[in-house]
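The values are calculated or read from the model by the stated rules, or taken from the named source; none is laboratory data. Just so it is clear, the structure is predicted and the values come from calculations on it, not from any experiment. Note: ideal-geometry Cβ built from the backbone for every residue, glycine included; neighbour counts use all protein chains shown. Each accessible area value is taken on the protein alone, full model and side chains, heavy atoms only, with ligands, DNA and RNA left out. Shrake-Rupley method; radii C 1.70, N 1.55, O 1.52, S 1.80 Å.
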Amino acid sequence: MNRHYYIAGNWKMFNTRAQSAQLAQELVNELKDGKHKYLVAPSFTNIETVSAIIQGTNIRLGAQNCAPEEQGAHTGEVSVLQLKDLGVETIILGHSERRHSYKEDDALINKKVKLALKHGFEVILCIGELLEEREAGKVEEVCETQTVKGLEGVNVLELGNVVIAYEPVWAIGTGKTATPQDAEAVHVFVRKVIGRLYGEDAASKIIIQYGGSVKPENAAELMAMENIDGALVGGASLKPESFVPIAKFA
Ligand code: 13P
């Protein structure tokens, strides 16, 4: 096992360019001696601004979505070619807000995953169950389906550029975090699914982040779990006071 910790900030639909620039600059300063892998994913409109600030630092540049097509008549969409042009290295796909608010299904997410991988991006594939699915005992079924369908047609070589983020929907933006033990159980299960699809070696190497109300107060106990390899942070990634302690969890 040679997994590293990977702490990512999903800035969602927050911040003007000036606010993003300030946040990015503070993170560059405060994380320059950080020991883990880091990423920030600003809104599309702020990517270029942030790109100029984090270029050449230890913080990677991410986008929160992409179109399922390379280019064409797709009003309102943003293509992988345009993201590459801005220096984006990683694309977050299948976020629960895309799945549930914008009705993205596994087939659409899979199309985006394959396109992004084909163009050499790292993909953070988000999976996770709704509260009613958890209460109905369907956590494994939902996470397995989203993993298997999201990765359909992805080969083991491409899998090296895939990170999975387990984000239980009921824990996102609610202040409710999965207990480290509950999260760990799902991470173990997802790693098993990857093992079945791609073999033990791939399963032992894949990075599985946890997301859902990660805060400075709970980061260390989550990261202490054997199969939790990092965090995908929403709300707490918008302020250096909360993101830096998470990124440097002890
Ligand atoms: P919160 O950290 O705000 O719960 O959001 C998690 C998330 O959705 C990250 O992608």
Flagged in the range 62-86 as assigned to a loop (DSSP other than H, G, I, E, B), within 23 Å of Lys37 (Cβ to Cβ) and not hydrophobic (A, V, I, L, M, F, W, C), in numbering order, are Gln64, Asn65
Scanning the range 219-236 for residues that are more than 26 Å from Leu159 (Cβ to Cβ) and under 18 Å from the mean Cα position of the chain (by Cα), the one most open to solvent (accessible area, probe 1.4 Å) turns out to be Gly235
Restrict the check to the range 67-84 and report whether at least one residue is within 16 Å of the ligand (Cβ to nearest atom), hydrophobic (A, V, I, L, M, F, W, C) and on the phi < 0 side of the Ramachandran plot.
-> no
Exercise for review: Kindly indicate whether Val186 is within 16 Å of the ligand (Cβ to nearest atom), of a type in the set (A, V, I, L, M), buried (at least 22 other Cβ atoms within 10 Å of the Cβ) and over 30 Å from Glu30 (Cβ atoms).
Suggested key: yes
*asked:* I'd like to check something: does the range 199-208 contain any residue that is in contact (Cβ under 8 Å) with a residue 24 or more places away in the chain, open to solvent by 20 Å² or more (accessible area, probe 1.4 Å) and either of a type in the set (A, V, I, L, M) or under 22 Å from Gln64 (Cα atoms) (or both)?
replied: no
The correct count of residues that are surrounded by fewer than 22 Cβ atoms within 10 Å (Cβ to Cβ) and not in a strand (DSSP E or B) in the range 32-45 is 8
Exercise. Does Thr145 count as open to solvent by 20 Å² or more (accessible area, probe 1.4 Å) and at pLDDT below 95?
Worked result: no
Filtering the range 13-26 down to residues that are within 16 Å of the ligand (Cβ to nearest atom) and either under 18 Å from Ala247 (Cα atoms) or among the aromatic types (Phe, Trp, Tyr) (or both) yields Phe14, Leu23
If we take the range 87-180, then helices (runs of 4 or more DSSP H) inside it with 1 or more residues that are touching a residue at least 60 places away in the same chain (Cβ under 8 Å) and within 16 Å of the ligand (Cβ to nearest atom) are 96-101
